[in-house]
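Just below is one structure, and these are the notes that go with it.
The values are calculated or read from the model by the stated rules, or taken from the named source; none is laboratory data. Because the structure is predicted, anything quoted here is derived from the model rather than measured. So basically every Cβ, Gly included, is an ideal-geometry build from the backbone, and we count neighbours across all protein chains shown. Heavy atoms of the whole protein, side chains included, go into the accessibility calculation; ligands, DNA and RNA do not. Shrake-Rupley method; radii C 1.70, N 1.55, O 1.52, S 1.80 Å.
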Amino acid sequence: MNSSKTDPMNARLSELLSYLEVLPGPRMVMDADYRIVAANAAYLREFAGEDGDGLAGRHCYEVSHRFSVPCDQAGESCPLKLSLASGRPQRVLHLHHTPRGEEHVAVDTTPIRNAAGEIAYFVESMQVLRQSSSRPAAQGLVGRAPAFVRMLEKVMRVAPSAAAVLLLGETGTGKELVAHAIHEASKREKGPFVPVDCAGMTETLFESELFGYEKGAFTGAAQRKPGLVEAAAGGTLFLDEIGELPLSQQVKLLRLLESGSFRRVGGLDHLPADFRLVCATHQDLRAMVAAGSFRRDLYFRINTFPIRTPALHEREEDIPLLAASLLERVDQRPGRCLTPAALDWLQTRRYEGNIRELRNLIEGAALLADGDTVDRAHLREMAGELAPTPSLADWPSSAPPGDSDDTGGDEIFRSAGLQPLDALEAGYLRWAHQRLPDDVGELARALGISPRTLYRKLRAAGA
């Protein structure tokens, strides 16, 4: 007897598997026990490799993550469990094993119900993210730390939409790279990506650069010049450091965003604007709105979907991966690597300039190195740290640092050659800061205090 007549679900499953085969993307079918029922050719090609023949019957978490338990029991979000609990499709971002190594993969899980309305199977659709890498890469976003993955998940959620994005984060956290990743994952990827540095423009320059100008609009305007809004047509306009934009220009930007049109400087015609907006700032725009230095209406217009780019200290486990990638990008002699001692040293630092500071440090150290490796000594020299770490043993007891005005106290201290403790501390901090002037984070670690406490003490000591 034909099983499809006695078991409608089997017939439905057969139809589903046939349908998956004609779809271009990698997909597989699983049951509620996390076992793989079948996978289409695209999945086998992208993810299974030589294991494709023995895929059916294996657990999805074993194949994708090399886990012995489901993802949610191993500290990961499990789309199948989320979908089972909610009864609705779920999407997560995971690090999946592939024949090429681990890669960032967007996973969409959809429940399939039987005739009784019960969930019987799940279809997982997978997409490898080409905008990021979990391994050293010559370009693009690199990382695998939880804070990085959370940011990347938001990037991939907002990218296909037309929503305005506001990137928030400290200086040097790679906001322009994130903006470029949003552009590349969007429907406008074939259009231009036009970055604009708002911090480097005067009020008059911003308007003429953004909107362009007509011939004769001002002295020196010898011919018509299209602006950056026109240059971004069909693509993405990235306004970096938008918090630096003067109030007088904020209203013109708001008018552009609300009307979807603009006029060149000196022009009469309203021209249509066609771009996707991504903005970035290291400033607290909400505080600026409260202080009256940033327009409230513009803030809400650009803040449709905020994404915070994590600081380097929030993703310390990514430092070796970032260091290897940056060395590959900046080294004039390809093929060199950082020694284990160099990587260990890099992970002990606090980077006020985040990834930009790390890049500069590695680029300078690579120029100092002559051999096949970049070592800790090259990094320390580049950071100005060839001198030993300050210690009380190095501080000459016969001549404590500090001016005579710093001694304080009364005559009995001076006659005995002593100084009050606060004066001793201030003098020692000034002396120590002279030994490590370029890295307050490293100095704080050497002294056993937090960078914030050290900054306060250095200010009090006049260093």
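Key figures
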{"read-out": "Euclidean distance of C-alpha centroids, the range 211-283 and the range 161-182, integer Å", "value": "20"}
{"read-out": "Of the trypsin sites (Lys or Arg not before Pro) in the range 84-119, those whose Cβ has at most 15 other Cβ within 10 Å and which sit in DSSP loop", "value": "100"}
{"read-out": "For the chain, cysteines whose Cβ has no other cysteine Cβ within reach (under 4.7 Å)", "value": "60, 198, 279, 337"}
{"read-out": "Expected 222 nm ellipticity per residue - DSSP helices of 4 or more, -39500 (n - 2.57), all of the chain, to 500", "value": "-11000 deg cm²/dmol"}
{"read-out": "Net charge of neighbours whose Cβ lies under 15 Å from the Cβ of residue 234, counting Lys and Arg as +1 and Asp and Glu as -1", "value": "0"}
{"read-out": "Computed accessible area, residue 184, all protein chains, 1.4 angstrom probe, square angstrom", "value": "60"}
{"read-out": "For the chain, size of Cβ-based charge dipole, Lys and Arg +1, Asp and Glu -1, in debye", "value": "1500"}
{"read-out": "Residue-normalised accessible area of the chain, expressed per residue, 1.4 Å probe, Å²", "value": "51"}
{"read-out": "Selection from 272, 289, 300, by position along the positive dipole direction of the range 241-300 (Cβ)", "value": "272"}
{"read-out": "Accessible-area composition of the chain, carbon plus sulfur, in percent [1.4 Å probe]", "value": "51"}
{"read-out": "Area of residue 81 that stays accessible when all protein chains are in place (1.4 Å probe, Å², to 10)", "value": "100"}
{"read-out": "Listed residue pairs exceeding 21 Å between alpha carbons, taken from 225/252; 154/187; 175/225", "value": "175/225"}
{"read-out": "Cleavage-rule hits, trypsin sites (Lys or Arg not before Pro), the range 272-352, DSSP coil, Cβ neighbours within 10 Å at most 14", "value": "none"}
{"read-out": "Farthest toward positive dipole pole in the range 62-180 [+1 Lys/Arg, -1 Asp/Glu at C-beta], among 120, 172, 98", "value": "172"}
{"read-out": "Solvent-accessible area of residue 431 with every protein chain in place, 1.4 Å probe, in Å² to the nearest 10", "value": "40"}
{"read-out": "Total formal charge among the other residues, if their Cβ is under 14 angstrom from that of residue 154, Lys/Arg +1 and Asp/Glu -1", "value": "+4"}
{"read-out": "Correct choice for percent of Cα pairs over 35 Å apart that was computed from the model, options [x] 53; [y] 27; [z] 38", "value": "[x]"}
{"read-out": "Check: the range 278-323 dipole with +1 on Lys, Arg Cβ and -1 on Asp, Glu Cβ, in debye", "value": "420"}
